[in-house]
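As structure tokens, the structure follows; a few thoughts come after it.
The values are calculated or read from the model by the stated rules, or taken from the named source; none is laboratory data. Just so we're clear, the structure is a prediction, and the values are computed from it rather than from any experiment. For neighbour counting, all protein chains shown are included, and Cβ atoms are generated from backbone atoms with ideal geometry for every residue, glycine included. Just so you know, the surface numbers come from the protein's heavy atoms only, side chains and all, with ligands and any DNA or RNA stripped out. Shrake-Rupley method; radii C 1.70, N 1.55, O 1.52, S 1.80 Å.
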Amino acid sequence: MLIMGPPGAGKGTQAKKIAERLSIPAISTGDILRQNVEDRTLLGREAARYLDAGELVPDEIINGMVRARLDEPDTDHGFLLDGYPRTLAQVGTLDDILADEGVSLERVLVLTVDPDELVKRVLNRAQESGRSDDTEDVIRRRLEVYSEQTEPLLDVYDGRGLLVPVNGMGEVNEVTERVLSALAK
């Protein structure tokens with residue numbers, strides 16, 4: 001499964017709760033990236049060069065990390081991927097990775113949240129974590145980038161009959177119950 005949605009939709013929070021309930025790993029590409037850099041793997045050392053220069057890590061490095069993570073034995077009975085794919089090109093790569101593994105996606109969860117609520121959530125999160133770089137303008141730009149680059153993936157997965165939209169508004173546990181109910185259908 002994949003979990004998708006704009007910044008602030010609660011993907012990371014919900015991924016952990018869902019994975020725990022379903023006894024599958026929640027795999028965050030951000031976590032994979034940080035772990036590879038910390039472990040100084042070949043891909044991690046390459047990624048660090050880009051991160052240190054303040055640049056985006058190229059797709060081929062992220063793709064390699066995702067492929068390696070999905071090769072690990074804890075994914076044999078399923079997984080929930082959070083933060084990947086983010087572009088149409090990555091959809092094709094993920095399709096190839098899954099085909100090589102002999103598996104296919106069963107569901108693509110998408111959390112829907114009102115844009116003003118997203119901004120409020122990310123501003124609160126930034127304030128709690130002391131991230132002064134997350135201003136309202138920056139957050140709104142990230143939402144535009146999501147709309148331009150990642151939202152088109154929803155049409156791809158909807159066309160494949162995999163999309164499961166879930167209202168991401170409300171308390172965390174309410175959203176979790178909505179997700180689990182949608183998955184049971």
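Net length available on complete extension from V145 to L22 is 41.2 nm, with 0.36 nm assigned per residue and the Cα-Cα distance removed. Rounded to the nearest Hz, the phi-derived 3J(HN,Hα) couplings of segment 178-185 under the Karplus curve 6.51 cos²θ - 1.76 cosθ + 1.60 (θ = phi - 60°) are 4, 4, 4, 5, 5, 5, 6, 6, where x marks glycine and proline.
Given a 1.4 angstrom probe, I'd like the percentage of the accessible area of segment 50-155 that is carbon and sulfur, rounded to a whole number.
Values: 2850 of 6130 Å².
The computed percentage sits at 46.
Summing +1 for each Lys or Arg and -1 for each Asp or Glu, what net charge is found among the other residues whose Cβ lies under 14 Å from the Cβ of S104? Please list the in-between numbers first.
Details: positive: R107, R160; negative: D95, D96, D100, E101, E106.
Combined, the nearby Lys, Arg, Asp and Glu give -3.
Suppose we look only past 18 Å in the calculated P(r) of segment 49-115. What percent of the Cα-Cα pairs does that tail hold? Roughly 44 percent, once rounded to a whole number.
As a size descriptor, the averaged projected area of the C-alpha convex hull of segment 144-185 was calculated at 3.6 nm².
Taking amide H as placed 1.01 Å from N in the peptide plane, the amide H of S28 sits under 5 Å from that of D82, each at least 5 places away or on another chain.
Straight-line reach from K185: taking Cα to Cα under 25 Å and skipping same-chain neighbours fewer than 8 places apart, the lysines in range are K11, K16, K17.
Simple point charges give the picture: +1 on the Cβ of Lys and Arg, -1 on the Cβ of Asp and Glu, and for the chain a dipole about the Cα centre of about 340 debye.
As an exercise, use a Förster radius of 25 Å and the Cβ-Cβ distance of H77 and V172 to find the FRET efficiency, rounded to the nearest 0.05.
Working: r = 25 Å, r/R0 = 1.01.
It comes out at approximately 0.50.
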